[in-house]
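**Student:** Below is a structure I'd like to ask you about.
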Amino acid sequence: KKQASASLTGIIGESEEMATLSRQVRTVAPADISVLITGETGTGKELIARSIHELSLRHNCEFVAIDCGALPENLLEAELFGYAKGAFTDARADKAGLFETAEGGTIFLDEINSASKAVQARLLRVIETGKLRRVGETKERQVNVRLICAANVSLEEEIEHGRFRKDLYYRVKDIQLHIPPLRERKNDILILAEYFKRKFMEQFSRKNIKYAAEAQHALMAYDWPGNVRELEHLIKSAVLMCSGTIKPDDLKLPGARPTRTLLGKALKDQQAKEKLIGALGKTGGNVTEAAVVLGISRRQVYNLIGKYNIKKKKGFE
């Protein structure tokens, strides 16, 4: 299968949504403007940011990333802007911040919506003037970086609630790119699952691992609230722990009562109809035995026979 965005850093998929995003990344990357990337947690916003950097004129300089939601205000401020010796208790020497580290390159601020109003104000000044002051210093330092930010919530709503500065919003959003959640691009699920399987087979020195059909159905039926990051984590565990074939139980999908429930969900498409007919054929039309083969209840088999309008033959019981 083709992978429409395989040439971009780790962005795998053939859905129309990802093909569109790939085209947007290639268009935006050479333009030295600020980019805001939106999308749910785990959709791959940092990968998009890295792709923009690598396709930009700044690709020979540093790409520096920080999660604004992972640090308290004082530490985030020190990490971003640096500090002078003695600025606070543990400041035993001068230290450059990430803006200076990224000089000439790109700085990626993930979850910028988590930055405090004080940090937002300092960010706005750096963007507007191209200058910053380290914490505890009065000296201004010139910086030249490209800013890419990401948010997993609506910044417009954050502005309405007084949690995000409108003037900063317009500064970080020259262009906005959106990554759709995995559940909205189902065509990419099995492609990503195969990509991660191969990746972790190599990492763990495992060979000839394949997916059972039921596992593929389970992957497609799940909603993936944690998006690509959740998929990668579950495939990593499954590749390491499976006996050679990844089955639904190996995936350990949260909230699933494996095999039986997942098979029930999977029995909704044409493949399911064929599986049902095959099970009835193998069991000579015995519904009870077919239910055991499929891992679902006898009542479900009867319901599916009716749903798919499978003509009953003598011996269906």
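**Student:** Based on this model, can you work out whether Asn187 counts as open to solvent by 30 Å² or more (accessible area, probe 1.4 Å), assigned to a helix (DSSP H, G or I) and among the polar types (S, T, N, Q)?
**Tutor:** So Asn187 fits the description; yes.
**Student:** Which numbered condition in (1) over 21 Å from Ser15 (Cα atoms); (2) at pLDDT 95 or above; (3) surrounded by fewer than 21 Cβ atoms within 10 Å (Cβ to Cβ) is the only one that Asp249 fails?
**Tutor:** Going through (1) over 21 Å from Ser15 (Cα atoms); (2) at pLDDT 95 or above; (3) surrounded by fewer than 21 Cβ atoms within 10 Å (Cβ to Cβ) one by one, Asp249 breaks only (2).
**Student:** Then there is this: Test Glu202 against the stated conditions and say whether it is in contact (Cβ under 8 Å) with a residue 12 or more places away in the chain and open to solvent by 10 Å² or more (accessible area, probe 1.4 Å).
**Tutor:** no
**Student:** Filter segment 99-118 down to the residues that are within 13 Å of Leu75 (Cβ to Cβ) and surrounded by fewer than 22 Cβ atoms within 10 Å (Cβ to Cβ) and list them by number.
**Tutor:** Ser114, Ser116, Ala118
**Student:** Which residue, of Lys131, Lys139, is free of Cβ contacts under 8 Å to residues at least 60 places away in the same chain and in contact with a strand residue (DSSP E or B) (Cβ under 6 Å, 6 or more places away or on another chain)? Even if it seems obvious, please write down each step before you answer.
**Tutor:** Working: Lys139 fails: in contact with a strand residue (DSSP E or B) (Cβ under 6 Å, 6 or more places away or on another chain).
That would be Lys131, the only listed residue that is free of Cβ contacts under 8 Å to residues at least 60 places away in the same chain and in contact with a strand residue (DSSP E or B) (Cβ under 6 Å, 6 or more places away or on another chain).
**Student:** If you don't mind, there's one more thing I want to ask. So which residues in segment 206-253 are in a loop (DSSP other than H, G, I, E, B) and of a type in the set (A, V, I, L, M, F, W, C)?
**Tutor:** Of everything in segment 206-253, those that are in a loop (DSSP other than H, G, I, E, B) and of a type in the set (A, V, I, L, M, F, W, C) turn out to be Ile209, Ala212, Trp224, Cys242, Leu253.
**Student:** Please work out which one of (1) among the polar types (S, T, N, Q); (2) open to solvent by 10 Å² or more (accessible area, probe 1.4 Å); (3) in contact (Cβ under 8 Å) with a residue 12 or more places away in the chain is the condition Asn227 fails and give its number.
**Tutor:** For Asn227, the failing item is (2).
**Student:** Then there is this: On the given criteria, is Leu36 under 23 Å from Met18 (Cα atoms) and open to solvent by 30 Å² or more (accessible area, probe 1.4 Å)?
**Tutor:** So Leu36 fails the test.
**Student:** I'd like to check something: does segment 45-62 contain any residue that is part of a loop (DSSP other than H, G, I, E, B), modelled with pLDDT under 95 and open to solvent by less than 20 Å² (accessible area, probe 1.4 Å)?
**Tutor:** Within segment 45-62, none of the residues are part of a loop (DSSP other than H, G, I, E, B), modelled with pLDDT under 95 and open to solvent by less than 20 Å² (accessible area, probe 1.4 Å).
**Student:** Kindly provide the set of residues from segment 267-317 that are modelled with pLDDT under 80, of a type in the set (Lys, Arg) and farther than 19 Å from Ala218 by Cβ, ordered by number.
**Tutor:** Arg298, Arg299, Lys307, Lys311, Lys312, Lys313, Lys314
The values are calculated or read from the model by the stated rules, or taken from the named source; none is laboratory data. It should be emphasised that the depicted structure is a prediction, and the values quoted were computed from it without experimental measurement. Every residue, glycine among them, receives a Cβ derived from its backbone with ideal geometry; neighbour counts consider all protein chains shown. These accessible areas exclude ligands, DNA and RNA; they are computed on the full protein's heavy atoms, side chains included. Shrake-Rupley method; radii C 1.70, N 1.55, O 1.52, S 1.80 Å.
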